[in-house]
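Structure first, commentary second.
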Amino acid sequence: MIQIIILAGVALFLILRLRNVLGTREGFEKPREVPDRNASVANDRTFDVIEGGGVDRDIADIIDPESPAGKALAEMKRVDPDFSVSEFSHGARAAYEMIVMAYENGDLDTLRGFLASEVYEPFASAIGERNRKGYTVEAQFSGIREVKLIDAHFDSATNEADIIMRFVGELTSVVRDSSGEVVEGAPNELKQQRDVWTFSRDMTSDNPNWHLSGTGG
C-alpha cells in the first residue's frame with residue numbers, strides 16, 4: 001500500500017511538471033479565435049530564421065526565398081535581426097495611405113517625415129503650384145485593393161536596403177479652382193490609383209523608419 005501511494009505521488013508530480021512545461025509560451029503571440037492546444041512552438045517568430053538552413057516563413061510567405069529579392073531580404077534580416085518582412089509590409093500599407101492623403105491635403109509636415117529629400121521636393125513643388133493657382137482638393141481614401149512586395153535589393157558595402165512595393169488604392173478626389181469649379185476629378189467618383197514605390201533604409205541605423213526614396217507607376 002505504501003509503494004502504491006508513493007508511485008501515485010510520483011505520477012501526479014510528473015503530470016503536473018509535464019503540464020507546466022507544455023503550457024509555457026514565451027514572447028508575444030496574437031490571440032487565436034479557436035485555441036489550438038497542439039500548436040507547435042515552431043510557429044513562434046523566434047524560429048522564423050533557422051540557423052544553418054531551413055525555410056524562413058517570414059520571407060517565403062511573401063516572395064520566393066531563392067530569388068534575388070528573397071536573398072536580399074535574408075541579408076537585411078542578417079544585418080538587422082529585428083527586421084520582419086511581414087511587419088514591413090503592414091507598415092508600408094499604412095504609410096501608403098498616409099502619404100497619399102498628405103499629398104492630397106497639402107500636408108507638408110507629414111510628407112517631410114516619410115519622404116527622402118529627392119522625393120519630397122517634387123511633392124512639395126506640386127503642392128506649391130496647386131496653392132498658387134488657388135486650387136483646393138477634396139479627397140477621401142476608400143481603401144487599398146493590393147499591396148505586394150515585388151522586388152528588394154541590399155548593398156552589403158553600404159548596408160543600404162531598398163524594397164519595392166506595388167499598391168493599388170481607391171479614393172475620391174476633386175480639385176476645384178478659386179471659384180469652386182471642378183477642374184479635375186468628379187464628386188463621388190471612385191478611382192483607382194496604381195503606384196510602385198521604393199522604400200529605403202540603412203539596416204545598421206538605430207532609426208527603424210524607412211523612407212520613400214522612389215516613385216513609379
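Computed values, structure above
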item: Extension gain (nm, one decimal) between Arg166 and Asp202, 0.36 nm per residue minus Cα-Cα; result: 10.8 nm
item: Mean Cβ count within 10 Å, highest first, over the residues of peptides 143-149, 186-192, 54-60; result: 54-60, 143-149, 186-192
item: Distance-filtered residues of segment 81-109 - backbone nitrogen under 13 Å, label point 7 angstrom along Asn159 Cα→Cβ; result: 81-83
item: Order of exposure, largest accessible area first, which applies to Arg166, Arg112, Arg176, Arg130 with probe 1.4 Å; result: Arg112, Arg166, Arg176, Arg130
item: Cleavage-rule hits (GluC sites (Glu not before Pro)) in segment 48-129: DSSP loop, at most 16 neighbouring Cβ within 10 angstrom; result: Glu51, Glu66
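The values are calculated or read from the model by the stated rules, or taken from the named source; none is laboratory data. Just so we're clear, the structure is a prediction, and the values are computed from it rather than from any experiment. For neighbour counting, all protein chains shown are included, and Cβ atoms are generated from backbone atoms with ideal geometry for every residue, glycine included. Quick note on the areas: whole protein, heavy atoms, side chains included, nothing else; ligands and nucleic acids left out. Shrake-Rupley method; radii C 1.70, N 1.55, O 1.52, S 1.80 Å.
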